[in-house]
Amino acid sequence: MGELRPLGEGLTPESRALAQALRGLFDGLAVSVRRYAARRTRDPGTFSRYLSGARVPPWEVVTDLFTDLAEHRGRPATPEAIEHVRGLHRAAVATGASPRHAMEVLEQQLADADRVSRRSSVRGDVLGDALLDRQHRIADLEVRLSQLEAEWSAERERADRLASAHPDVSELLRERDTLRDEVARLGSELIAAQKQRGEAEDRCELLERQLEAIDRAQRSSVPLPGAAPAARGMPKILAVDDQPHNLLAMSAVLATLDQELVAVSSGREALKALLHHDDFAVILLDVQMPEMDGYETAAHIKRRRRTRDVPIVFLTAMGADPEHTARGYAAGAVDYIAKPFDPWVLRAKVAVFTSIFLERRP
């Protein structure tokens, strides 16, 4: 596993070009495949297949290579170099997309969501134990303070002597107030941890439905689910992106779902479209847009009673960065798709939200 495998046979030109570019980046690190895989906690066999062109890696793998190469050389890659490789990656994904690759993407997202859920659950247990401990200590202090106050009430004439006999009263009061502050803080953190776990569990359930959609389509060799009785009609899809080529790609990918795609190029146009239609199954919303970005657009959508329940899926070129995904969920998104997107992943997510829309429609 120390040496690079030769490029795979029968590769598409796009996959071959990407693999050659990745091999060039990897050669600059001057380490073995096994050693680098260990460094990044990855399976060496899988990473070797990325370099041979047998698989198209997630974009995070490529960004890790750029990061490690910059650290090794002492200088970052140029924006032009990154954009060149991004273009190769986008082309390889578009030509090499398959149900298996889409399931790998979704399974990774499911693993991430499950990890968040488990961590939140553990965090909630720890906070709950700490909260219970502080509450017990406050109760104990309250009893001791009540005893002292009772003694004061019974013998007020001896208050000065009692105070001198119990110089720790003020200290007890300060300790109690400190504990009360801790209880308030721990209570807030516990609520936040419980909320995070609930959101992570919802996301796990959603991702499992998306995986099932791809699995059914793969086994039955038919398009992804989403069809409804012709008399009722299919719900629409709203796509928001300031880049025309992205809208064109989404239109081509989603054409097999037999649904109308309303494509707009700004947040303001999206809000107008939502005023004229009330049957959107999902909104595919780009994050980085001029004037009104995706977060601001989502905030406007969620403030409107008429549109606040329409699910929003963020399209982001920033990958699965926890900071950006957390901000997306805080803005009201229920899911995200990393650019360049896998066609099967996009269709699976849209098909599942369409199914949910049809299940809820009276």
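Would you kindly derive the ³J(HN,Hα) couplings of region 39-48 from the backbone phi angles with the Karplus curve 6.51 cos²θ - 1.76 cosθ + 1.60 (θ = phi - 60°), listing them in order in whole Hz, with x for Gly and Pro?
Computed from phi, the couplings for region 39-48 are 4, 9, 6, 10, 6, x, x, 5, 5, 5 Hz.
Take Arg361 and Asp125, extend 7 Å from each Cα along the Cα→Cβ direction, and tell me the distance between the two endpoints in nm.
4.4
Want the number for Asp215 to Arg39: 0.36 nm per residue separation, take away the alpha-carbon distance, what's left?
60.1 nm
For Glu60 and Lys272, what is the calculated FRET efficiency with R₀ set at 45 Å and r taken between the beta-carbons, to the nearest 0.05?
My answer for the efficiency is 0.80.
For Lys302, give me every one of the lysines with a C-alpha distance below 16 angstrom, ignoring sequence neighbours fewer than eight places off in its own chain.
Lys272
Where a Cα-Cα gap under 17 Å defines reach, which aspartates and glutamates qualify for Lys236, not counting those fewer than 8 residues away within the same chain?
Correct list for Lys236: Asp258, Glu260, Glu269, Asp278, Asp279, Asp309, Glu359.
List the residues, sorted by chain then number, that are 5 or more residues from Ile337 or on another chain and whose placed amide H is less than 5 Å from its amide H.
When sequence neighbours closer than 5 places are left aside, the close amide H contacts are Phe314, Leu315, Thr316.
Count neighbours as other Cβ atoms within 10 Å of each site's Cβ, and list the GluC sites (Glu not before Pro) in region 259-362 that are DSSP loop with at most 13 such neighbours.
Glu291
Residues of region 234-274 with amide nitrogen under 14 Å from the 7 Å Cα-to-Cβ point of Glu296?
Label zone hits: 266-271.
Please list, in chain and number order, the residues 5+ apart from Ala239 or on another chain whose amide H is under 5 Å from its amide H, with Hs placed from the backbone.
Val262, Ala263, Val264, Leu284
What is the magnitude of the charge dipole of region 1-100 about its Cα centre, with +1 placed on the Cβ of each Lys and Arg, -1 on the Cβ of each Asp and Glu, and no other charges, expressed in debye to the nearest 20?
240
Can you compute the FRET efficiency between Glu205 and Gln147 using 1/(1 + (r/R0)^6), with r the Cβ-Cβ distance and R0 = 41 Å? Round to the nearest 0.05.
Efficiency for this residue pair is about 0.20.
State the extension gain, in nm to one decimal, for the chain segment bounded by Arg305 and Ile82, taking 0.36 nm per residue of separation less the distance between their alpha-carbons.
Values: separation 223, 0.36 × 223 = 80.28 nm, distance 4.19 nm.
Between Arg305 and Ile82, full extension yields an extra 76.1 nm.
Subtracting the Cα-Cα distance from 0.36 nm times the residue separation, let me have the gained length for Arg118 to Glu175 in nm, one decimal.
Full extension from Arg118 to Glu175 adds 17.2 nm.
Every number here is computed from the coordinates shown, using simple stated rules; none is lab data. This structure is a prediction, so every number in the text was calculated from the model and none was measured. Cβ sites come from the backbone with ideal geometry, for glycine too, and all protein chains shown count toward neighbours.
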